[in-house]
Amino acid sequence: MEFKEKRILVVGGSSGIGRGIAKCFLDLDAEVCITGTKEDIKDYGIEDVVSQKSEYLQLNLLEPQVLDNLVIPFDSLDVLICSQGIVQYKRKEFEMEVFREVLDLNLTSMMACCQKFKPLMTNAGANIMLLGSGASYNATRGNPAYSASKGGILTLLKTLAEAWAREGIRVNGIAPGFVATKLTEVTFKDKNRYQSSLKSIPLARWGEAEDIGHTACFLASSKASYITGQMITVDGGLGLS
């Protein structure tokens with residue numbers, strides 16, 4: 001896979017899975033821009049190839065009109081990856097204000113990003129990826145907003161894939177299983193819950209952010225040029241039973 005001189009935008013690429021995706025593209029010589037909610041990438045306290053080589057833009061998608069005013073450092077875009085997302089625990093998502101906030105960030109902002117950056121995607125082989133999860137297919141106990149948003153991403157990407165295929169834009173998704181990030185620390189930092197989760201994973205380990213990154217690089221490459229409208233599950237077999 002070759003991404004030299006290819007321009008990649010990873011929304012939500014400052015931490016977690018998004019950062020892992022950005023790292024994998026940088027390792028393949030892509031030009032990468034990432035966004036995050038903090039003022040400076042150094043504020044995340046991570047020193048790696050992402051902080052050294054990527055362009056960084058502050059972007060809080062829950063703030064009104066902020067996306068309209070965002071200017072990225074590319075005049076064209078080869079790959080757009082939307083990895084932004086939140087989850088609220090302790091049944092907070094049953095509160096309507098919280099429910100709307102989770103839907104706004106996890107689903108509505110993905111559509112907004114696609115609309116915002118699609119005009120820049122004029123290069124041959126341009127493609128979009130949206131991050132879903134196992135919740136794109138199954139209920140998540142206690143998290144109605146997270147489940148609804150991830151389920152919505154599945155049908156959104158299929159609809160966009162059909163709409164934009166004639167323009168040469170492929171739209172796919174990735175559904176990660178358990179990956180150790182800030183969003184999942186409520187599980188992996190609890191020894192009992194973590195060990196219990198491994199019983200459900202045939203490969204007997206949690207995934208790493210780079211596992212998702214390698215999948216993203218494949219989907220963005222010419223090797224996947226006949227794949228569109230699909231959600232690729234990367235979960236170590238978690239969803240098999």
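The values are calculated or read from the model by the stated rules, or taken from the named source; none is laboratory data. Only a predicted model underlies this, so the values are computations on that prediction, with no experimental measurement involved. Here the Cβ is made from the backbone with ideal geometry for all residues, glycine too, and neighbour counts use every protein chain on show.
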Note on segment 140-151: residues surrounded by fewer than 19 Cβ atoms within 10 Å (Cβ to Cβ) and either among the acidic types (Asp, Glu) or touching a Gly at 6+ places or on another chain (Cβ under 9 Å) (or both) are Thr140
Regarding segment 159-172, can at least one residue be identified that is free of Cβ contacts under 8 Å to residues at least 12 places away in the same chain and closer than 23 Å to Leu103 by Cβ?
yes
Which ones in segment 45-62 are charged (D, E, K, R) and either on the phi > 0 side of the Ramachandran plot or not in a helix (DSSP H, G or I) (or both)?
Glu47, Asp48, Glu55
Name the residues in segment 183-198 that are over 18 Å from Gly236 (Cβ atoms), without any contact (Cβ under 8 Å) to a residue 12 or more places away in the chain and not polar (S, T, N, Q), would you?
Glu185, Lys189, Asp190, Lys191
What number of residues within segment 65-87 satisfy the criterion of being among the polar types (S, T, N, Q) and either within 14 Å of the chain's Cα centre (by Cα) or at pLDDT 95 or above (or both)?
3
When you check Ala165 against the structure, is it loosely packed, with under 15 Cβ neighbours inside 10 Å and not in a loop (DSSP other than H, G, I, E, B), yes or no?
yes
Can you go through Lys38, Lys42 and tell me which one is basic (Lys, Arg), part of a helix (DSSP H, G or I) and either surrounded by fewer than 15 Cβ atoms within 10 Å (Cβ to Cβ) or out of contact with any Pro (no Cβ under 7 Å at 6 or more places or on another chain) (or both)?
Lys42
Please enumerate the residues belonging to segment 91-121 that are in contact (Cβ under 8 Å) with a residue 40 or more places away in the chain, in a loop (DSSP other than H, G, I, E, B) and either of a type in the set (D, E, K, R) or closer than 21 Å to Arg19 by Cα (or both).
Arg91
Considering only segment 122-161, how many residues are within 26 Å of Tyr226 (Cβ to Cβ), touching a Lys or Arg at 6+ places or on another chain (Cβ under 6 Å) and outside any helix (DSSP H, G or I)?
3
Working carefully through the options Ala204, Ala180, find the one that is in contact (Cβ under 8 Å) with a residue 12 or more places away in the chain, farther than 25 Å from Gly12 by Cβ and of a type outside the set (Val, Ile, Thr).
Ala204
